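The values are calculated or read from the model by the stated rules, or taken from the named source; none is laboratory data. This is a predicted model, so every value here is computed, not measured. Counting neighbours? That spans all protein chains shown, and the Cβs are built from the backbone with ideal geometry, glycine included. These accessible areas exclude ligands, DNA and RNA; they are computed on the full protein's heavy atoms, side chains included. Shrake-Rupley method; radii C 1.70, N 1.55, O 1.52, S 1.80 Å.
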Amino acid sequence: MREFLPDWAHPWLDLITLGLQTVLILLAATLLRTLVHRFIRSLCQRHGLPLELLVGGCRTSTFLIFGGALLLILDRAGVSGTVLWTAFTSFATVAAVAFFAAWSVLSNIFCSVLIYTVRPFRLHDRVEILESGDKPGLGGQVVDINLIYTTLQEDHGGKGSSQLQVPNSLFFQRSVRRWQEAPAAPGGNDEAAAQKS
């Protein structure tokens with residue numbers, strides 16, 4: 001091929017070869033995609049298959065064909081398939097872990113917005129998250145609602161009380177029983193006790 005090119009193009013021969021190979025691979029991929037789409041259409045028409053199957057088959061075949069073409073182009077450019085696969089799986093693993101970790105936080109934040117807008121319960125209401133219809137679950141008086149948790153004050157009879165921090169998303173995954181209680185008057189009993197002393 002060197003003899004067909006002018007002298008000024010000789011230093012660019014590798015780049016020109018790569019460009020021609022890339023164009024040929026893309027043309028072959030486009031032709032193959034057209035043929036596969038025609039085959040899928042005729043198959044769906046002949047057997048009366050649903051339109052969703054046609055659309056899904058065409059999209060899947062396009063993705064696979066052009067994904068293979070991209071791998072061929074990168075191989076021609078000198079990028080190893082093993083390196084690509086390692087990079088892709090590493091990135092996918094990190095992205096999956098990050099998404100999973102962020103999903104629970106984002107879910108709780110979104111549920112806190114729902115709690116503030118839909119108002120399934122309010123501060124000072126007594127709520128109980130039911131495991132099933134007849135079994136008691138987590139419960140107590142709502143003393144605080146923040147972006148991630150709702151804090152419930154549990155009363156253990158004469159043994160004192162404790163606080164539960166319940167993720168906000170749990171209130172939308174289970175049934176919730178609610179008892180309404182009037183909130184204490186601002187400064188009510190504490191101010192009266194302070195004035196008596």
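Per-residue HN-Hα couplings for the stretch 36-53, Karplus 6.51 cos²θ - 1.76 cosθ + 1.60 at θ = phi - 60°, whole Hz, x for Gly and Pro?
5, 5, 4, 4, 5, 4, 5, 5, 5, 5, 5, 9, x, 6, x, 4, 4, 5
Show me, for the stretch 140-157, the HN-Hα J-couplings you get by feeding each phi into the Karplus relation (A = 6.51, B = -1.76, C = 1.60, θ = phi - 60°), rounded to Hz, glycine and proline as x.
3J(HN,Hα) across the stretch 140-157, in whole Hz: x, 8, 6, 10, 7, 10, 10, 5, 10, 10, 10, 9, 10, 9, 8, 10, 9, x.
Please report the carbon-and-sulfur percent of the accessible area for the stretch 129-170; probe 1.4 Å, protein heavy atoms only, DNA, RNA and ligands left out.
Carbon and sulfur together cover 50 percent of it.
Tally Lys and Arg at +1 and Asp and Glu at -1 over the other residues with C-beta under 12 Å from the C-beta of P120: what net charge comes out?
+4
What does the net charge come to around L51 if you take all other residues with beta carbon closer than 14 Å to its beta carbon, with K and R at +1 and D and E at -1?
Counting the neighbours of L51, the net charge comes to +1.
Treating only the Cβ of Lys, Arg, Asp and Glu as charged (+1, +1, -1, -1), what charge dipole size does the stretch 76-136 show about its Cα centre? Round to the nearest 20 debye.
Approximately 240 debye in magnitude.
Please state, to two decimals, what the Cα-based radius of gyration of the stretch 1-131 comes to when divided by 2.2 N^0.38 Å (N = residues).
1.89
Regarding the stretch 58-136, what are the three Cα extents along the principal axes, ordered largest first, in Å?
68, 28, 28
Pull up all non-local amide H partners of G139: gap of 5 or more, or a different chain, and H-to-H distance under 5 Å with H placed in the peptide plane.
I129
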